[in-house]
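The values are calculated or read from the model by the stated rules, or taken from the named source; none is laboratory data. On a predicted model such as this, the values are computed, not experimentally measured, just so you know. Because the Cβ atoms are built from the backbone with ideal geometry, glycine has one as well, and the counts that use them run over all protein chains shown.
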Amino acid sequence: MVIELPQVKLIPLRNEVDRFGFSHVLAGKYGIKKTPQSFSGFMHGWIWRKDMKLEDLGYYFTPRDMPVVVATAVQKEVMIRSGFKNVLAGGLPFAYINQSGIKRKPESLLVMPPHSMNHCGYSGIDVQFLDFLERIKNEFSEVCFCLHADDANDKILCRDLTTRNFSVVVGAKAEDANSLPRMRSIFDSYDYVATTTMGSHILYAAFSGCRVSVLKNWYSFLPESAFDKQQRSIPEFVERCLNDINNTQKLNKQFPWLFVDHPKRAVQMLDWAKNEIGADNLLDKDSMMSILGWTLKARINALMRIAYRRSMGILKNRSPLSLTQAN
């Protein structure tokens, strides 16, 4: 299948809101020609744990006066209990992406392998997994692998996939302004989505109307490279993450519909996906502009907040990325 996808447009990442081009999507919706600097956090990923803690949401080291948008009311409550003063439940960024209008190819399968770069904690695609898919590929009109932009540069991997007659499409990249509409277009094109790992791609695919399944865990988890330095400074967080992602029994109990032994047994879970992604919480233009710091008043307040923290030495000894995320 040849899919008409948005072109890759690389952008600098100034803030969490810029990731995967979300700020550019919003600027386009609001008719703003030049995407403004944002002064808040905006959570991107799906948190599937029921017993959420602040470190799960990714804001453990974030100044408590920083405005943040999370997906759901439950997550907002976690943030408020942890001392954050300006938090909105506004859905995940992917929930703001409109349907592409692409016609879904019947009986087609999109495979979402783990991102195999070392810093993501996975050691690549297991050959046994490829063998399994090759055995069942004739049951589908097409089997296509969606590779992370980093993995698309792996010539050996791409050659192996094409040799097995799998098609390949390049997925998201954090620095691509069109990543979110690109992924929406990809998900809108396929009937089934299969993966071997828990992750946000499961929710996004389900929200797009795909029938999603998690197959046998054909991958190697590398805990020593799966967490950054700040995360490793919270040992209980690392231990809990490892226990959760490796606890097949617990995951099966929480998502009994998700874990199957064949992609054709997957079911559509659109209502579940809408709830998880916070589709009923989407912010209107005024609320969004205000919390991002895109109005004059909000921008002045944000700059005063940052100036105060700098004067108190709160932002000393932070990396450049931490500085952009600490707005």
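For (1) polar (S, T, N, Q); (2) outside any strand (DSSP E or B); (3) without any contact (Cβ under 8 Å) to a residue 60 or more places away in the chain, each residue gets a yes or a no:
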{"site": "E55", "(1), (2), (3)": "no, yes, no"}
{"site": "F61", "(1), (2), (3)": "no, yes, no"}
{"site": "D65", "(1), (2), (3)": "no, yes, no"}
{"site": "Q75", "(1), (2), (3)": "yes, yes, yes"}
{"site": "V111", "(1), (2), (3)": "no, no, no"}
{"site": "F129", "(1), (2), (3)": "no, yes, no"}
{"site": "F132", "(1), (2), (3)": "no, yes, no"}
{"site": "N138", "(1), (2), (3)": "yes, yes, yes"}
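Return yes when F20 is buried (at least 20 other Cβ atoms within 10 Å of the Cβ), assigned by TED's automatic domain parsing to the domain that holds L303, within 30 Å of T162 (Cα to Cα) and aromatic (F, W, Y) and no when it is not.
Yes, satisfied.
So V74 passes all but one of these: (1) under 23 Å from W272 (Cβ atoms); (2) in contact with a strand residue (DSSP E or B) (Cβ under 8 Å, 6 or more places away or on another chain). Which condition number does it fail?
So V74 meets the others, but not (2).
As an exercise: evaluate Q128 against (1) modelled with pLDDT of 90 or more; (2) farther than 20 Å from E16 by Cα; (3) exposed (fewer than 14 other Cβ atoms within 10 Å of the Cβ); (4) in contact with a Lys or Arg (Cβ under 9 Å, 6 or more places away or on another chain) and give the number of the one condition it does not meet.
It fails just one condition, (1).
Restricting the first residue to region 284-295 and requiring it to be in a helix (DSSP H, G or I), which pairs with a second residue that is buried (at least 24 other Cβ atoms within 10 Å of the Cβ) and at pLDDT below 95 meet a Cβ separation below 8 Å and a spacing of at least six or different chains?
Partner pairs satisfying both residue conditions: none exist.
Would you pick out the residues in region 229-256 that are in contact (Cβ under 8 Å) with a residue 12 or more places away in the chain, within 15 Å of V212 (Cβ to Cβ) and out of contact with any strand residue (DSSP E or B) (no Cβ under 9 Å at 6 or more places or on another chain)?
Once the filter is applied, which keeps residues that are in contact (Cβ under 8 Å) with a residue 12 or more places away in the chain, within 15 Å of V212 (Cβ to Cβ) and out of contact with any strand residue (DSSP E or B) (no Cβ under 9 Å at 6 or more places or on another chain), region 229-256 yields only Q254.
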